[in-house]
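Take a look at the structure below.
The values are calculated or read from the model by the stated rules, or taken from the named source; none is laboratory data. Just so we're clear, the structure is a prediction, and the values are computed from it rather than from any experiment. Neighbour counts run over all protein chains shown; Cβ positions are idealised from the backbone, glycine included. Surface areas here come from the heavy atoms of the whole protein model, side chains and all, with no ligands, DNA or RNA. Shrake-Rupley method; radii C 1.70, N 1.55, O 1.52, S 1.80 Å.
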Amino acid sequence: MRTQVAIIGGGPAGMFLAHLLRQAGIDAVVLERRDRAYVEGRVRAGVLEQGTTALMRRLGLAARLDREGLVHGGTNLSIDGALFHIDLAALTGGSTVTVYGQQEVMRDLFDAAEARDLPILWNVGDVALHDLDGARPWVGWTGDGVARRLDCDFVVGCDGYHGVSRAAIPAAVRQTFERVYPFGWLGILADVPPVEHELIYANHERGFALASMRSATRSRYYVQCALDEKVADWSDERFWDELCLRLGPEVSARVTRGASFEKTIAPLRSFVSEPMRWGRLFLAGDAAHIVPPTGAKGMNLAVSDVIMLGEAMAEYYGERSTTGIDGYSARALARVWKAERFSWWFTTITHRFPDMDVFSRRLQVAELDYIRGSEAAQRVLAENYVGLPMEVR
Ligand code: RFL
Ligand code: PHB
């Protein structure tokens, strides 16, 4: 079997890239370790930047997004129960974000892939990348117990943080940068109306909380928890009590409680692996970098990576120019590090750190109070939150 671009992983990075390449007339095959139901079932991102929604429109994937997505012109911060609003649209000259779950994005990507006959190989095992430093790379894998081979011009590793692609770059070439945070997020989904029509990022003495949503009737809430805690320790009642404490009496009086139907704990991490290209291998999305979810940047970063890579490949096949692919790593990393910085900063001002003394707490409170009172500070937050430009050259 032969194709132009072998894409490892059928998450947001891999599937957006597959659609971008198809639009540019480039052949690609996606190799995904799991099945469609599994990938579509993962409850993850909730907030799309304008660059992401624009790409969905450009790829003809936005019919449902335009009907069901919740456009937010603002967001809220809260400090020890006192809420204040950040008018994202007014501060950024009209930019908004859209609440539309990653599960919905995946469904739209897969439905369109089926309609357009984009080749996706499901349940592939033992993916191994070969001859990446030569002109004829190939991917080996097993399907139905049989060893198989895909020859290609390029391999793109879109296989997430736990994938195999990153490790195919020799250790002598690869540099990694990492911060692991001493806490996680416990998240639930419940079919109850959201407490507020926009999100609330809450810093409370007891820890961070986030009020988000998936629709007018489905809420997504998170509370910061210790890393050694177990989901089983958190009954729904305990979760709602803790959430309400952290949101403060005024907001929590409006919280509608209900049975949760999803409850998971996710660790928080900042991580970057450089470079994002080695020979004929390119990395995109979580395979190359992770951000803590506080800034809602993870999936959006995967999208900006593949926009850059899609342009670079179109240049290569269209004009036989290697300028784009040669510049990909530096160009992508410049944007990645800005999102890393923002996500790290937003996490540090909103979370309770175990080693925090009174001085650090006072600084945190002062920083949030400064944001509340300063339009300049709010603009910096807003510009980053709605997303830095995803350049289309
Ligand atoms: P993914 O989604 O991990 O997809 C990788 C795919 O590769 C497959 N795979 C393999 N396939 C073949 N062979 C192998 N050896 C393979 N190994 C792995 C996997 O099965 C999978 O299908 O990476 P991708 O595409 O880079 O996308 C990244 C995003 O999923 C991620 O950044 C976001 O979910 C992060 N995230 C958020 N992002 C946002 O933009 N906004 C948010 O509001 C937001 N909230 C979140 C989040 C992530 C969270 N968790 C649980 C980590 C909230 C949470 C709680
Ligand atoms: C979510 O709705 O899952 C969500 C929203 C905002 C974030 C992270 C997650 O910053």
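Tabulated results
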item	result
Fully extended contour minus Cα-Cα distance, from Thr142 to Asp355, at 0.36 nm per residue	71.9 nm
Sum of -39500 (n - 2.57) over DSSP H runs of 4+, divided by residues of the chain (222 nm, nearest 500)	-11500 deg cm²/dmol
Extension gain, Ala37 back to Ala135 (0.36 nm per residue minus Cα-Cα distance, nm)	31.7 nm
Nearest-ten-degree value, helix 375-385 long axis tilted from longest Cα axis of the chain	40 degrees
Aspartates and glutamates whose Cα lies under 18 Å from that of Lys230, excluding same-chain neighbours fewer than 8 positions away	Asp241, Glu242, Glu262
Per-pair calculated FRET efficiency, R0 = 22 Å: Arg218 and Arg257 via Cβ, rounded to 0.05	0.95
Whole-percent carbon and sulfur share, accessible surface of segment 1-70, 1.4 Å	46 percent
Accessible area of the chain divided out per residue, in Å², using a probe of 1.4 angstrom	42 Å²
Peptides 173-184, 356-367, 74-85 ordered by average Cβ neighbours within 10 Å, highest first	74-85, 173-184, 356-367
Helix 298-319 axis, angle to the chain major axis (alpha carbon atoms, nearest 10°)	30 degrees
Cβ-derived FRET efficiency at R0 51 Å, Asp111 paired with Val365, nearest 0.05	0.60
Nearest-ten-degree value, helix 236-252 long axis tilted from longest Cα axis of the chain	60 degrees
Cα gyration tensor shape of the chain, rounded if a/c is under 1.5, else prolate or oblate by comparing a/b with b/c	prolate
Nearby aspartates and glutamates by direct alpha-carbon distance to Lys297 (threshold 14 angstrom, same-chain neighbours under 8 apart not counted)	Glu49, Asp286, Asp305, Glu340, Glu383
